[in-house]
Amino acid sequence: MKTKLSPSMLSIDFGKVAEQLKLVEDAGTQYIHLDVMDGIFVPNISFGIPVIKSIRKHSNMVFDAHLMIVEPEKYVEEFRKAGADIINFHVEATKYPAEVIQQIKATGAKAGITINPRTPVEVVYPFLKDVDMVLVMTVEPGFGGQKFMAQHVSKIRQLAEWKKELGLEFDIEVDGGVTLDNVREVLDAGANVIVAGSAVFGKEDIAGAAKGFLDIFKEYE
Ligand SMILES: O=C(CO)[C@H](O)[C@H](O)COP(=O)(O)O
Ligand SMILES: [Fe+2]
């Protein structure tokens, strides 16, 4: 499985969105991570459907939406229409995870299920055969630029084991505090979609930072 970089737009300069998206896309970045926050599921508000719709015109990257919102089932179709290619929702945010997965797939998007640091990885086991992606949080969701919580790498390892045991193909995405210094730890554990916000858009040389990750990924091909 080819490893993908998914830089988080949370750390982009919102006055230079098109320009900075182009920098990472030209560097070879495949995905762009879109952190949607509602101020209820997480104690922060970011951006939503109209912003995603607007930036869709400026990028051909795969739009990897991370919905940190309660009752994601109310908005799945709208996020898909706005241009999301992958829709990740939190298992903690809905009473109906199985239904949300089917709802996402019915739109033609890929379905991802996400777990907070405090959620045991076993919670997603019943859904593994149905999802395209599992997103493991390595910070408390809500803010960029936090410190990587290394104790959650074991969840990635467990998911990689289940994937092998069950003969499944889902992606394992990791999100929160990932840098050039710790990315090998999550790649070694089995993650193949790497979110990095402050470690890409927070850097002076954005294209160079993205290339730094992509060069490390080559070691794993
Ligand atoms: O979902 C998120 C926060 O809730 C972000 O994707 C994540 O924090 C990325 O930013 P950084 O790499 O700076 O930690
Ligand atoms: Fe995220």
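The values are calculated or read from the model by the stated rules, or taken from the named source; none is laboratory data. Predicted, not measured: the structure shown is a model, and the values here were computed from it. Note: ideal-geometry Cβ built from the backbone for every residue, glycine included; neighbour counts use all protein chains shown.
Across region 4-34, the qualifying residues are those that are more than 17 Å from P50 (Cα to Cα) and small (G, A, S), and the one among them that is farthest from the chain's Cα centre (by Cα) is A27.
Residue under question is M133, and the condition is that it be within 17 Å of the chain's Cα centre (by Cα), closer than 22 Å to V42 by Cα and in contact (Cβ under 8 Å) with a residue 40 or more places away in the chain; does it hold? Answer is yes for this residue.
Cβ separations smaller than 9 Å between residues 6+ apart or across chains give the following pairs from region 13-36 residues that are part of a helix (DSSP H, G or I) to residues that are more than 16 Å from ligand 2 (Cβ to nearest atom) and among the acidic types (D, E): E19/D13; Q20/D13.
Listed residues S54, S46, S6, S11; which is within 20 Å of E140 (Cα to Cα) and out of contact with any Asp or Glu (no Cβ under 8 Å at 6 or more places or on another chain)?
Of the residues listed, the single one that is within 20 Å of E140 (Cα to Cα) and out of contact with any Asp or Glu (no Cβ under 8 Å at 6 or more places or on another chain) is S11.
Among the residues of region 179-205, those that are within 16 Å of ligand 2 (Cβ to nearest atom) and closer than 16 Å to I115 by Cβ comprise V186, A191, V193, V195. State which residue is nearest to ligand 1 (Cβ to nearest atom) when the search covers only region 187-199 and only residues that are crowded, with 24+ Cβ neighbours inside 10 Å and over 15 Å from Q30 (Cβ atoms). The selected residue is G197.
When you go through G212, G144, G202 one by one, which is the residue that is within 16 Å of ligand 1 (Cβ to nearest atom), modelled with pLDDT of 95 or more, surrounded by 15 or more Cβ atoms within 10 Å (Cβ to Cβ) and not in a loop (DSSP other than H, G, I, E, B)?
Values: G144 fails: not in a loop (DSSP other than H, G, I, E, B); G202 fails: not in a loop (DSSP other than H, G, I, E, B).
Within the list G212, G144, G202, the selection yields G212.
Only one of the numbered conditions (1) of a type in the set (V, I, T); (2) assigned to a strand (DSSP E or B); (3) more than 14 Å from ligand 1 (Cβ to nearest atom) is violated by V124, and that is (2).
Only one entry of I156, I172 meets the criterion of being crowded, with 20+ Cβ neighbours inside 10 Å, assigned to a helix (DSSP H, G or I) and not hydroxyl-bearing (S, T, Y), and that entry is I156.
On the basis of being farther than 25 Å from G39 by Cα, assigned to a helix (DSSP H, G or I) and polar (S, T, N, Q), does Q151 make the cut? Reasoning before the result, please.
Details: farther than 25 Å from G39 by Cα: yes; assigned to a helix (DSSP H, G or I): yes; polar (S, T, N, Q): yes.
Here the answer is yes, as Q151 does meet what is asked.
Can you confirm whether V51 is β-branched (V, I, T), over 17 Å from D171 (Cα atoms), outside any strand (DSSP E or B) and free of Cβ contacts under 8 Å to residues at least 24 places away in the same chain? Judged against the criteria, V51 is a match.
Filter region 95-121 for residues that are within 16 Å of ligand 1 (Cβ to nearest atom) and part of a loop (DSSP other than H, G, I, E, B); which is surrounded by the most Cβ atoms within 10 Å (Cβ to Cβ)? In this case the residue turns out to be N116. In region 39-94, of all residues being within 16 Å of ligand 1 (Cβ to nearest atom) and among the small types (G, A, S), the one that is surrounded by the fewest Cβ atoms within 10 Å (Cβ to Cβ) corresponds to G39.
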